[in-house]
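In what follows, a structure is listed as structure tokens, so that the remarks can point back to it.
The values are calculated or read from the model by the stated rules, or taken from the named source; none is laboratory data. As the structure is a prediction and not an experimental result, all values here were calculated from the model. In this analysis, Cβ positions are derived from the backbone assuming ideal geometry, glycine residues included, and neighbour counts consider all displayed protein chains.
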């Protein structure tokens, strides 16, 4: 309770000096730089590559897409590719692998809320929109590069294994497929930024991907719901990927599905920006 | 320089911070004191633009925090020792912060060295002890070599060596002309580090004063005397015009006289003394007395309809008026039955004050 007090020491401390010149302020020898998006990008790049969850999610993604892809490739014959692109073996891995990108997308932002890092981040960069922009860009570039690499690798392997002439060029499916799963990840990032909770955001995203794939089976049972069921069937994520990989060329090659995902993602990003500035952290 | 003007934060019905106005000046350590839940952390988060104030304004050298182009150069803040991603190494944690402000990479090694974490720079932060986490947080605050430093309860959970280190660090930072703003709920800690004191309770400003003034006005010094010839001693003191107050255990307490004088007086009359010691009431008790209003008010709030109501009776509101607080508190009748007993020591201290 009764702490010995050193009042004399207190009063004799150099305090009078400091108080005599309250205007003198410390000047740092480090040169001043005006921060911009480039700094935020460098920071987010360091962040994403310095946590283990990135290595795990991308590692599992590569394992699924390339591993399953190669297994499928060696079990197919050259005749299988007369009407479809060589990248088709990657489709099966992507159906599962997209969940890895969703998880990473969510974690990029929600792990900061979960650990409290976000307060440190926003103290260092009070321009919150800049932080979110940098996260979106860095994540999209990483996700797109990794998924394009994985799909391309499967395509290369398959074409070298079955060195017949495929009826369809496969470059388009590499870009579209990578774009689709990367956009799903970006959507997950935006959802993570709005919900601020890893488990909640991942569950939400699994719902977004899986419910439209499962629900149509039940909706088709009733006549009044049939149209909704058909639309869901047409636009759900697995079906969109199937069209991108030209499993079913009669009804388009996934352009409208990709456009829908881009629209939804843009809306989610707009929501994330709006909430970001308004809320306390 | 940090200026707060009518800063207010309301969570639903609860006023976390209620119209705070004060200035944190450069070149000194300003202590930000208040009991738990007084609104210290909320105030600091609003200063850093993390929480949006309900009303009022905070300016850092005349600018809003989110307008700062080089925030880490301006303010280094330690809010929470665990505000970092546990899976990232200490070096990478600091590196991503440095990069976001365009601070050269070499600076990371410098601050790691300053806080003594160089040997664990590549270790994951989640393996760090509380003290190490605190040091890493401080390294982050020092990263931009800022002119303003803000620490929220920096000594919490630290060992004596760590506490000593932080005290000296804060003093040396202020001596370089930086603004240092540090919160605590320990008056004794502030007495050792702070030059200026801002006290809040229940989100309201209770005191804004220099440490020296606070000590002068709040620490009652007296001399304790113990003698087998108690009656004679009382007579002699009375004869010399010295008022002695009987304290428990056969001791006498004398206010306003030097121990040397009392000793000589006793010797002159051949009185045997068993004890002759100058005493000082602790600042901790003065602080508790000052904030007792708000703590008591807090206990009441469950029975009051509008807990956000302004002007609790008897709350010393305006800065400058606080000096009367303790005496006022001591002369007040004991609280209503539903209020908890006052903190031990505060009442006895208060009655001492009155007698003195």
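Annotations for the structure displayed:
- Exclusive hit being touching a residue at least 24 places away in the same chain (Cβ under 8 Å), crowded, with 24+ Cβ neighbours inside 10 Å, under 15 Å from the mean Cα position of the chain (by Cα) and within 21 Å of residue B:101 (Cα to Cα), set B:150, B:190: B:150
- Some residue of segment B:50-62 being over 15 Å from residue B:6 (Cβ atoms), assigned by TED's automatic domain parsing to the domain that holds residue B:173 and part of a helix (DSSP H, G or I): no
- Residues in segment B:2-15 that are surrounded by 14 or more Cβ atoms within 10 Å (Cβ to Cβ) and within 11 Å of chain A (Cβ to nearest Cβ): B:9 only.
- Matching entry among B:173, B:252, B:205 (being away from chain A (no Cβ under 14 Å) and modelled with pLDDT of 90 or more): B:205
- Only one of the numbered conditions (1) in a loop (DSSP other than H, G, I, E, B); (2) more than 18 Å from residue B:85 (Cβ to Cβ) is violated by residue B:188, and that is (1).
- Out of B:87, B:140, B:106, B:131, sole residue that is surrounded by fewer than 21 Cβ atoms within 10 Å (Cβ to Cβ), under 18 Å from residue A:111 (Cβ atoms) and in the same structural domain as residue B:183 (by TED's automatic domain parsing): B:87
To keep it simple, each residue is scored yes or no on (1) buried (at least 17 other Cβ atoms within 10 Å of the Cβ); (2) under 30 Å from residue B:70 (Cα atoms); (3) touching a residue at least 24 places away in the same chain (Cβ under 8 Å).
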{"position": "A:120", "(1), (2), (3)": "yes, yes, no"}
{"position": "A:126", "(1), (2), (3)": "yes, yes, no"}
{"position": "A:129", "(1), (2), (3)": "no, yes, yes"}
{"position": "A:144", "(1), (2), (3)": "yes, no, yes"}
{"position": "A:147", "(1), (2), (3)": "yes, no, yes"}
{"position": "A:151", "(1), (2), (3)": "yes, no, yes"}
{"position": "A:160", "(1), (2), (3)": "no, no, no"}
{"position": "A:169", "(1), (2), (3)": "no, no, yes"}
{"position": "A:174", "(1), (2), (3)": "yes, no, yes"}
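- Selection status of residue B:95, touching a residue at least 40 places away in the same chain (Cβ under 8 Å) and either buried (at least 21 other Cβ atoms within 10 Å of the Cβ) or away from chain A (no Cβ under 11 Å) (or both): no
- Matching residues in segment B:69-90 - criterion: being part of a helix (DSSP H, G or I) and at the interface with chain A (Cβ under 7 Å from one of its Cβ atoms): B:71, B:72, B:73
- Some residue of segment B:100-116 being without any contact (Cβ under 8 Å) to a residue 60 or more places away in the chain, more than 7 Å from chain A (Cβ to nearest Cβ), in a loop (DSSP other than H, G, I, E, B) and under 28 Å from the mean Cα position of the chain (by Cα): yes
- Residue check for residue A:133: in a helix (DSSP H, G or I), over 22 Å from residue A:73 (Cα atoms) and without any contact (Cβ under 8 Å) to a residue 24 or more places away in the chain: no
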